[in-house]
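The values are calculated or read from the model by the stated rules, or taken from the named source; none is laboratory data. All figures in this text were calculated on a predicted structure; none of them were measured in a lab. All Cβ positions, even for glycine, are placed from backbone atoms using ideal geometry, and neighbour counts span all protein chains on display. Side chains are part of the model used for accessible areas, which takes the heavy atoms of the whole protein and leaves out ligands, DNA and RNA. Shrake-Rupley method; radii C 1.70, N 1.55, O 1.52, S 1.80 Å.
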Amino acid sequence: MKKNLKLQINGTWKEFSIEPGTLLLDLLRTAGYQGVKDGCREGECGACTVHIDGRPINSCTLFALQADGRSITTIEGLGNPDHPHPIQEAFVETGAVQCGFCIPGKIMSVKALLDRNPDPDEHQIREALSGNLCRCTGYVKQIEAVKLAARRIREKKGDHHE
Amino acid sequence: MRKILDYHAPAAPIDALRISQSSTKARFLAGGSYLSREKTLECTLIDLKNCGLAHISEANGNLRIGAMSTITDLLLHPASSGPGKAFLQALSSTGHAIVRNQITIGGSIAGMLPWFNLAAPLMVLDASLLVLESSGETTISFRSFVANKPREYLKNRLILALNIPLVSDRELCFSRLSLTEVDFAPMFAAASISREGETVKAAYVAVSGCLPGPVMISGASELIGKKLSRSEAETVGQAALHELQGKIISANPNFPPAYLEEVLPVVVADCLYGGAN
């Protein structure tokens, strides 16, 4: 028996009719948001991270119906190859991407961090990324990327306190 | 294979309870991080998201936490520091940064999984639960709830809120044993201490994680009337080992039960002495 739900995905309201056991991850990927990666399905790796009302959530451990009526942002909502988000630019420039599978989820966690804390220290960065695993083990470059992105976003906003 | 028979999102707790009583296969859905991973789940889901249970307030000397409040909600709320810095420490060491946005206080208490960081602190903080049953709302102390086998107790009942009395002269201490900050810790110790000058007038210690459920350590009462020193803390640690020897369990291969028995006195002593001094 299918249930209807409405989600605002990357700013656009969309309606779906789904089986009640459908996970948000599967709904999003089926709907074409394939930047949301299907990793562990246990809430451990963070590859499937999306924002719900601005907070990072593992979409693999959430029934889609739990998100009914809420605002979802996926990596596709942040930027694209022609117009990348400053966080995406920083990850590319610092060489923080190896196989790339974990990167969309990491960038969503970084976006949430920088939205609430524009100038995080290394401990705060590591804490914010504690739910996003990288099996290529490229953590050092990724932390550099977050610092670079934070500096650029602050500069863009006119906050030159460094 | 997961089979969700039906899904409801009632607007009031009483409606949620009624729906649960009409089906033997009904399960309350809070954050969902646990239920969504049950591969063989076959049930009717009753989503509590619209029941008005995501609230946090401080009133009349109590911290009241609605069952649907997430760990992040608590970490961001100024009233959460009321029970002490160690309460925030226990909250912030729960899972990882993403999962804290999803897991709820009510779901964690109902599940009472061994890695629930707050179990030991809630034992020593005299916490209580506001529960809805057919005849209306009732209150049960967290310690009685634990002693009553939570899953049995929660048949035909719904947790509405957690209540923590805020006591000004009480110090809360907390420690956990893990390999990393975000590891699933196999052992938690919490203590609450009240002093008159340097003399302990009340002391409560609880241990959780490595046991079937959280337990109070009766040996903590030995501290009353004494000045808390490292050696007194170690004595309580040894009392904890004496009380729990043979009951220690562990699902974590990094921490076999024999090792946990070895370090239990140290974790308890560190909690008492390191946390309170």
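Here is how the numbers come out for the structure above:
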| read-out | value |
| --- | --- |
| Region A:37-162 - charge dipole about Cα centre, Lys and Arg +1 at Cβ, Asp and Glu -1, debye rounded to 20 | 60 debye |
| Computed accessible area, B:ARG157, all protein chains, 1.4 angstrom probe, square angstrom | 70 Å² |
| Where region B:84-130 is the region considered: accessible area per residue in Å², 1.4 Å probe | 24 Å² |
| Solvent-accessible ranking of B:PHE174, A:PHE101, largest area first, probe 1.4 Å | A:PHE101, B:PHE174 |
| Heavy-atom accessible area ranking, 1.4 Å probe, most first, across A:MET108, A:MET1 | A:MET1, A:MET108 |
| Shielding by partners - mean other protein chain Cβ count within 10 Å, residues of A:110-117 | 1 |
| Computed [θ] at 222 nm, helices only, for chain B once each DSSP H run of length n ≥ 4 contributes -39500 (n - 2.57) | -7500 deg cm²/dmol |
| Amide H contacts under 5 Å for A:LEU23, placed H, 5+ residues apart | A:ALA64 |
| Solvent-accessible area, 1.4 Å probe, carbon plus sulfur percent, for chain B | 53 percent |
| Solvent accessible area, Å² - A:ASP53, 1.4 Å probe, full protein context | 90 Å² |
| Probe 1.4 Å, accessible area per residue of region B:1-49, Å² | 49 Å² |
| Top positive-direction residue, dipole computed over chain B with Cβ charges, set B:CYS173, B:LEU17, B:ALA147 | B:LEU17 |
| Chains A and B, summed buried accessible surface - 1.4 Å probe, Å², nearest 100 | 2300 Å² |
| Rounded to 5, the percent of DSSP beta bridges in region B:11-87 classed as antiparallel | 50 percent |
| Global geometry of chain A, whether rounded, prolate or oblate, following the gyration tensor of its Cα atoms and the 1.5 cut on a/c | prolate |
| Residue-wise HN-Hα coupling along region A:6-14, computed from phi with Karplus coefficients 6.51, -1.76, 1.60 (Hz; x: Gly, Pro) | 10, 10, 8, 9, 6, x, 10, 6, 9 |
| At R0 = 51 Å, FRET efficiency that the Cβ-Cβ distance of A:SER71 and B:ALA258 yields, to 0.05 | 0.50 |
| Amide H partners (placed H, <5 Å) of B:ALA127, local residues excluded | B:PHE142 |
| Number of partner chain Cβ atoms within 10 Å, mean per residue of A:45-54 | 1 |
| Percent antiparallel among DSSP beta bridges (both partners in region B:1-155, rounded to 5) | 55 percent |
| Charge dipole (the protein assembly as shown, unit charges on Cβ, about Cα centre) - positive-most of B:PRO253, A:THR94, B:SER134 | B:SER134 |
| Amide proton proximity set for B:ALA97, modelled H, under 5 Å, gap of 5+ | A:SER130, A:GLY131 |
| Inter-label distance, nm, simple model (7 Å from Cα along the C-beta direction), B:GLU196/B:ASN50 | 5.6 nm |
| 10 Å Cβ neighbours from other chains, averaged over peptide B:94-107 | 6 |
| With DNA, RNA and ligands ignored, accessible area of B:TYR259 (1.4 Å probe; Å², nearest 10) | 90 Å² |
| Estimated vicinal HN-Hα couplings, Hz - region B:203-208 in sequence order (Karplus 6.51, -1.76, 1.60; Gly, Pro = x) | 8, 10, 10, 9, 10, 8 |
| Karplus 3J(HN,Hα) series, Hz, for region B:259-264 with 6.51 cos²θ - 1.76 cosθ + 1.60 (x for Gly, Pro) | 5, 4, 4, 5, 8, 3 |
| Cα gyration tensor, region B:153-249 - rounded (a/c under 1.5), prolate or oblate | oblate |
| Cα shape, the protein assembly as shown, gyration tensor, a/c 1.5 rule | oblate |
| Accessible solvent surface per residue of chain A, calculated while the other protein chains remain in place, 1.4 angstrom probe, Å² | 47 Å² |
| DSSP-assigned coil residues among trypsin sites (Lys or Arg not before Pro) in region B:61-155, each with at most 15 further Cβ atoms within 10 Å | B:LYS155 |
| Cα-centred dipole magnitude for region B:56-165, charges only on beta-carbon of K, R (+1) and D, E (-1), debye, nearest 20 | 240 debye |
